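S.K.: Here it is, the structure, as structure tokens.
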Amino acid sequence: MWDYSDKVIDHYRNPRNVGKIDNADAIGEAGSLACGDSLKIYLKIKDGIVTDAKFQTFGCGSAVASSSILTEMIIGKTIDEVKKITNKDIADQLGGLPPEKMHCSVMGYEALEDALKNYDDYTDLDDIRNEEEANKQREKIVCTCFGITENVIWDAIKINGLKTVEEITNYTKAGGACGKCKGLIQDIIDTYYKKEGHEKEESTLSPAQKILKINNVIENQISPELRKDGGDITLVDIDGNKVMVKLRGKCSGCKNSHLTLKSFVESTLRETVDKNIEVVEV
């Protein structure tokens, strides 16, 4: 069970400003029903000030809470003030979100950004939708499962200081389905830090911390994915960077077990714990 703040629970149970604004001055959208979460935000703007905001969302409790508090954050503020709001501000206002739910605050930020861009550039809402659809088609799609673009991932890294593929997945959902785009996501991370002249900090986990983290990743990330196909995995032992495991269920004796170990288990542990980890089956 996720550990939610009292404020998240309050906004989920009693969401503010739910609905639609007829003749809205700006409309922004993010996510899609195909991805499991979607958000539409409506703004009423007068003399450069947001006088009203409403939202319609389809998603989990964190999505509802993020959308609800966002409307409270922007009503009464000038457009310039609203433009400075980031997904981190949304999460902070809620008293924090679990890492796996940070993508909900990102969705709120993206919908708001979409609405403001529309307000700045257009007056006809039909033109807005047509132009935004054209922009999405021009952007490079990295995660085809969730329709996440390179720009979305780049912004998530820039705003939140993300350094691993796992963090990108938590914040944007990219890589959270088939996982085929994880290599591309890692390339974007590496390119960002190289371009910005920053070096990613290497993990300085103690041996005990490393063991705990490996066990946590196997139990909460790797094992649930294998169970979806009738398999499972057990951690047997850890010797330095060598992680010894036993595949179970349909994974045991599978002709593709070596591929599962290297392309999924080992790559996941390298991304989340230590790039030098080697996984072997015993």
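The values are calculated or read from the model by the stated rules, or taken from the named source; none is laboratory data. What you see is a predicted model; the values in this text were computed from it and never measured. Glycine also receives a Cβ, built like all others from the backbone with ideal geometry; neighbour counts cover every protein chain displayed.
S.K.: Limited to the stretch 10-23, what total is found for residues that are of a type in the set (A, V, I, L, M) and in contact (Cβ under 8 Å) with a residue 40 or more places away in the chain?
M.R.: 1
S.K.: Then there's this: May I ask you to verify whether residue 30 is in a strand (DSSP E or B) and either more than 20 Å from the chain's Cα centre (by Cα) or surrounded by 17 or more Cβ atoms within 10 Å (Cβ to Cβ) (or both)?
M.R.: yes
S.K.: Also, I was wondering about something else. For the structure I just gave you, tell me whether residue 191 is under 22 Å from the mean Cα position of the chain (by Cα) and at pLDDT 80 or above.
M.R.: Taking the combined requirement at face value, the residue satisfies it.
S.K.: Please go through the stretch 11-26 and give me each residue that is in a strand (DSSP E or B) and either surrounded by fewer than 19 Cβ atoms within 10 Å (Cβ to Cβ) or modelled with pLDDT of 95 or more (or both), ordered by number.
M.R.: 18, the sole residue that qualifies.
S.K.: Would you confirm, using the coordinates I've provided, whether residue 239 is outside the structural domain of residue 179 (by TED's automatic domain parsing) and surrounded by 12 or more Cβ atoms within 10 Å (Cβ to Cβ)?
M.R.: Here the answer is no, as residue 239 does not meet what is asked.
S.K.: Within the stretch 175-194, can you find the residues that are in contact with a Ser or Thr (Cβ under 7 Å, 6 or more places away or on another chain) and surrounded by fewer than 17 Cβ atoms within 10 Å (Cβ to Cβ)?
M.R.: Matches in the stretch 175-194: none.
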